[in-house]
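In what follows, a single structure is set out as structure tokens and then discussed.
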Amino acid sequence: MNVAMILSGGVGRRFGAEIPKQYQDLLGKPVVTYVTEAALRAKSIDKVLVVCAKEYFDFFAAYGVETCEGGAERNISFRNGLEYVKEHWDCDKIMVFDAMRPFVTPELIDVYMDKLDEFDVVATCQRIVDSLGCLDFKECDRSRYYILQSPEAFRFDLVYAHFDPDSPLVEAYQQMPDGTSLYKYFDFPDNYKLTYWHDLDFMRMYMEHKRKKALEKEEKR
């Protein structure tokens, strides 16, 4: 069984709003619903689990997905979700999403799931295009580094055994043991994350632009 786990428990302190940012309106529906709907439409996903505050359980029930309670920090929500999956399903592969990244697609999810037939972990990566500095030395070769983001996908038994919510490491892959095979996926450049208010304005414009381009392409057929 393959599971999509959406982490939606954050309160968005940097966003500065009473309503958590993942529930803010983005062209007519909350940001998190874009991720939820993509996971539901992916051919490779059998179950969808949303880790969130209890007050939002009814909201997600309308989508026919499972829910479990999140924690005060992302890592705690991650662990809670893993425990729920372990208790309820015989999971082979799991893909983990941030609720604040709404541009994921069903096709992308299927690619990640397929890659797990060959690799232990699939991580979303971005190349560094700006100059890179370091506090400890003057020169820094940016070609040696990349940015790690969600979503990320795992062989379930591996991540369940090795993920520690108390670890200082910020990405789950970094906690996996030596010898873990990683596929670095660099082909998701518009993996934008909602962090500040201006990000929401940008997402609205960008999403409208994508819809317009898709409509123009369809009309040309």
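Measuring with a 1.4 Å probe in the full set of protein chains, what accessible area per residue, in whole Å², belongs to the chain?
Accessible surface, normalised per residue, equals 55 Å².
Would you mind counting up the charge near Thr105? Only other residues with Cβ under 13 Å from its Cβ, with Lys and Arg at +1 and Asp and Glu at -1.
-1
If the viscosity is 0.692 mPa s and the temperature 37 °C, what Stokes-Einstein diffusion coefficient in µm²/s follows for the stretch 106-221 when Rh is the Kirkwood radius over Cα pairs?
Calculated translational D: 191 µm²/s.
In terms of solvent-accessible area of protein heavy atoms at a 1.4 angstrom probe, what is the ranking of Tyr84, Tyr63, highest value first?
Putting Tyr84, Tyr63 in descending order of accessible area: Tyr63, Tyr84.
From zero up to wherever the largest Cα-Cα distance of the stretch 95-147 sits, split into 10 Å bins and tell me the percent of pairs in each.
For the stretch 95-147, the binned pair fractions read 18, 36, 27, 18, 1 percent.
Whole-Hz ³J(HN,Hα) for each residue in the stretch 94-110, computed from phi via Karplus 6.51 cos²θ - 1.76 cosθ + 1.60 with θ = phi - 60°, x for glycine and proline: what do you get?
Computed from phi, the couplings for the stretch 94-110 are 9, 10, 10, 10, 8, 5, 8, 10, x, 9, 5, 10, x, 5, 5, 4, 5 Hz.
Cut-off 20 Å, label point 7 angstrom out along Cα-to-Cβ of Asp90: give me the residues of the stretch 98-141 whose amide nitrogen falls inside.
Only 117 fall inside the zone, counting backbone N under 20 Å.
Using a 1.4 angstrom probe and counting only protein chains, how large is the accessible area of His209 in Å², to 10?
90 Å²
Of all accessible surface on the chain at a 1.4 Å probe, what whole percent is carbon and sulfur?
After summing per-atom areas, the C and S share lands at 48 percent.
Quote the charge dipole size of the chain about the Cα centre in Debye, to the nearest 20; the model charges only the Cβ of Lys and Arg (+1) and of Asp and Glu (-1).
Dipole magnitude for the chain comes out near 820 debye.
Which whole-Hz ³J(HN,Hα) couplings does the stretch 161-169 yield from phi under the Karplus relation 6.51 cos²θ - 1.76 cosθ + 1.60, θ = phi - 60°, glycine and proline marked x?
6, 10, 6, 10, x, 8, 5, x, 6
With a sphere of radius 11 Å drawn around the Cβ of Trp89, what net charge do the other residues whose Cβ falls strictly inside it have (Lys, Arg +1; Asp, Glu -1)?
-3
Under the 0.36 nm per residue contour assumption, what length would be gained going from the current alpha-carbon distance of Tyr192 and Glu118 to full extension?
Once the chain is fully extended between Tyr192 and Glu118, it gains 23.9 nm.
The values are calculated or read from the model by the stated rules, or taken from the named source; none is laboratory data. What you see is a predicted model, and the numbers here were worked out from it, not measured in a lab. As a convention, Cβ positions derive from the backbone with ideal geometry for all residues, glycine included, and neighbour counts pool all protein chains shown. Surface areas here come from the heavy atoms of the whole protein model, side chains and all, with no ligands, DNA or RNA. Shrake-Rupley method; radii C 1.70, N 1.55, O 1.52, S 1.80 Å.
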